[in-house]
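Structure first, commentary second.
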Amino acid sequence: LLLGEKNVFTNYPLWEKESLKDEGQPLEPYHVTEKSCIKCFPAGAAHAEGRLLGGCLDCLGRLVGTKYDKVKEFIKRYREDGILWYLESCDLNIMDIRRALWQLDHAGWFGTARAFLIGRPLCFGEELFGLDQYQAVTGILGKYHVPILMDLDIGHIPPMMPVVNGARAAVDAAGQNVTITYRLSEQ
């Protein structure tokens with residue numbers, strides 16, 4: 001991607017639940033043991049185009065509303081393109097994820113959303129107060145009536161597809177395949 005030699009990236013068939021890397025073995029390869037299982041809300045195939053914007057909810061939830069929050073200016077500048085929001089969480093629990101999304105929603109970040117690309121959280125498979133990772137996200141973002149793709153290979157859990165803030169891209173999902181196609185010549 002950085003050299004311009006490849007602009008299409010597809011999710012991986014397996015992901016790493018537990019790493020074998022540590023201080024003594026920093027060069028251990030990925031230990032992929034878990035089968036990928038992409039969730040799409042609403043169910044079915046999905047296609048969306050726009051500018052990629054997002055990152056880790058652990059950080060974004062704390063920056064929203066501060067002098068470092070320039071999201072509204074970015075959205076205004078590229079409102080015709082729409083936004084492909086990519087979001088993930090490192091160590092937030094289910095309720096923290098829901099609260100962070102609620103904050104970003106109420107700050108007006110999602111008005112031009114064309115899709116939400118949600119990475120696999122560290123709290124994968126956990127429930128809290130009867131809420132799972134899917135309900136935490138769709139309960140806040142479902143009102144936008146755009147595709148919500150979850151458990152993607154983006155974020156802190158390896159392996160990861162590259163995601164570039166501000167880049168124009170298209171995302172396609174069908175079954176267990178998700179493809180991000182960068183439109184770098186259209187920047």
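Note on region 55-187: with charges restricted to the Cβ of Lys and Arg (+1) and Asp and Glu (-1), its dipole about the Cα centre is near 640 debye. What does the charge count near GLY61 come to, summing +1 for each Lys or Arg and -1 for each Asp or Glu among other residues with Cβ under 14 Å from its Cβ? The answer is -3.
Computed with every protein chain present, the accessible area of GLU73 is close to 110 Å² [probe 1.4 Å].
Solvent exposure of region 18-154, expressed per residue, is 53 Å² of accessible area, with all protein chains present and a 1.4 angstrom probe. Under 5 Å from the amide H of ILE118 lie the amide H atoms of LEU87, LEU149, MET150, ASP151, LEU152, each residue being 5 or more positions distant or on a separate chain, with H modelled from the backbone and absent for Pro and chain starts. The calculated FRET efficiency for ASP22 paired with PHE124, based on their beta-carbon distance and R0 = 22 Å, is about 0.55.
What is the distance in Å between the Cα centres of region 63-86 and region 95-149? Value for the Cα centre distance between the two parts: 17 Å.
Holding the Cα-Cα limit at 29 Å, pick out from LYS17/LYS39; LYS35/LYS76; LYS6/LYS39; LYS76/LYS143 the pairs that are longer than that. Mind showing how you got there, number by number?
Working: LYS17/LYS39 18 Å; LYS35/LYS76 39 Å; LYS6/LYS39 26 Å; LYS76/LYS143 21 Å.
In this structure, LYS35/LYS76 exceed 29 Å between Cα atoms.
Heavy-atom accessible area, probed at 1.4 angstrom with all protein chains present, ranks GLU23, GLU126, GLU16 as GLU23, GLU126, GLU16, highest first. Once C-alpha pairs closer than 8 Å and six or more residues apart are averaged by separation and normalised to the residue number of the chain, the relative contact order reads 31 percent.
The distance between label points at LYS35 and TRP102 comes to 3.6 nm (points 7 Å beyond Cα on the Cα→Cβ vector). What the phi angles of region 85-90 give under the Karplus curve with 6.51, -1.76 and 1.60, with θ = phi - 60°, is a coupling list of 6, 10, 9, 7, 9, 7 Hz, glycine and proline written as x. Residues whose amide H lies under 5 Å from that of CYS90, counting only those 5 or more places away or on a different chain, are LEU57, ASP58; hydrogens are built 1.01 Å from N in the peptide plane.
Computed over protein heavy atoms with a 1.4 Å probe, the carbon and sulfur contribution to the accessible area of the chain reaches 54%.
Could you give the length gained on full extension between LEU131 and HIS156, defined as 0.36 nm per residue of separation minus the Cα-Cα distance, in nm? If you can, show how the numbers build up before the last one.
Working: separation 25, 0.36 × 25 = 9.00 nm, distance 2.19 nm.
My answer for the length gained is 6.8 nm.
Count Lys and Arg as plus one, Asp and Glu as minus one, and take only other residues whose Cβ is under 14 Å from that of ARG114; the net charge is then 0. The listed residues MET160, MET150, MET95, once ranked by accessible area (1.4 Å probe) with the largest placed first, stand as MET160, MET95, MET150. When all protein chains stay in place and ligands, DNA and RNA are ignored, the 1.4 Å accessible-area order of PHE116, PHE74, PHE129, largest first, is PHE129, PHE74, PHE116. Here is the P(r) of the chain: all C-alpha pair distances, binned every 5 Å from 0, give 1, 8, 16, 20, 21, 17, 10, 5, 2, 0 in whole percents.
The values are calculated or read from the model by the stated rules, or taken from the named source; none is laboratory data. Please read these numbers as outputs of a predicted model, since none were measured by experiment. No Cβ is skipped: glycine too gets one built from the backbone with ideal geometry, and neighbour counts run over all protein chains shown. Areas reflect the complete protein model, heavy atoms only, side chains present, ligands, DNA and RNA absent. Shrake-Rupley method; radii C 1.70, N 1.55, O 1.52, S 1.80 Å.
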